[in-house]
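Have a look at the structure below, then the notes.
The values are calculated or read from the model by the stated rules, or taken from the named source; none is laboratory data. Note that this is a predicted model, so its numbers are computed, not measured. Backbone-built Cβ (ideal geometry, glycine too); neighbour counts: all protein chains shown.
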């Protein structure tokens, strides 16, 4: 019985680690001698590396649907990258709150597990074991639902990327060849 319980808890812990790994961990602090800029935002959770494609998709969508807003943001990107980051975040989807719920379910499982270990009464222990089984099933079902939602969301993002490939590539090229904006953005990288 104890070995099955240990295996079950190990599997649950591995699944939780996989969820956390997919959501991403906070980035490391910037190297000594570097300025705050993007890394400061990353440490505060305001801006994380690897969201460039989302920004490009948003900008290409704005260029088509709201050209005046696109121009405003493009000018902001060239002159004040921090303000640009704060503004573009308004167009990004809100973070998924499922991680908090998954953590809560996991804590409830461990609390029930602790209660089972401390319980002396066989009837009470059997009741707690049934509650634990139900809670584990609830956590598993919730995780499956979360994966399905993320898969659906990622499928939509993939379709949008494919649909807007040319515009995204053009926008990325433009961002990487605008020497004035690049010089301003990467000033903090220069050693004093």
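Key figures for this structure:
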{"quantity": "Cβ-Cβ under 8 Å pairs, at least 6 apart or on other chains, segment 104-126 side within 21 Å of residue 137 (Cβ to Cβ), far side not in a helix (DSSP H, G or I)", "calculated": "125/119"}
{"quantity": "Number of positions in segment 54-92 that are part of a loop (DSSP other than H, G, I, E, B) and in contact (Cβ under 8 Å) with a residue 12 or more places away in the chain", "calculated": "2"}
{"quantity": "Number of the exception - residue 38 against (1) surrounded by fewer than 16 Cβ atoms within 10 Å (Cβ to Cβ); (2) modelled with pLDDT under 65; (3) not in a loop (DSSP other than H, G, I, E, B)", "calculated": "(1)"}
{"quantity": "All positions within segment 93-104 that are in a helix (DSSP H, G or I) and loosely packed, with under 11 Cβ neighbours inside 10 Å", "calculated": "100"}
{"quantity": "Conditions (1) closer than 27 Å to residue 104 by Cα; (2) in contact with a helix residue (DSSP H, G or I) (Cβ under 7 Å, 6 or more places away or on another chain); number of the one not met by residue 150", "calculated": "(2)"}
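Results for (1) modelled with pLDDT of 85 or more; (2) farther than 30 Å from residue 176 by Cβ; (3) surrounded by 15 or more Cβ atoms within 10 Å (Cβ to Cβ), shown as yes or no for each residue.
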| residue | (1), (2), (3) |
| --- | --- |
| 44 | no, no, no |
| 63 | yes, no, yes |
| 73 | yes, no, yes |
| 79 | yes, no, no |
| 87 | yes, no, yes |
| 106 | yes, yes, yes |
| 116 | yes, yes, yes |
| 127 | yes, yes, no |
| 132 | yes, yes, yes |
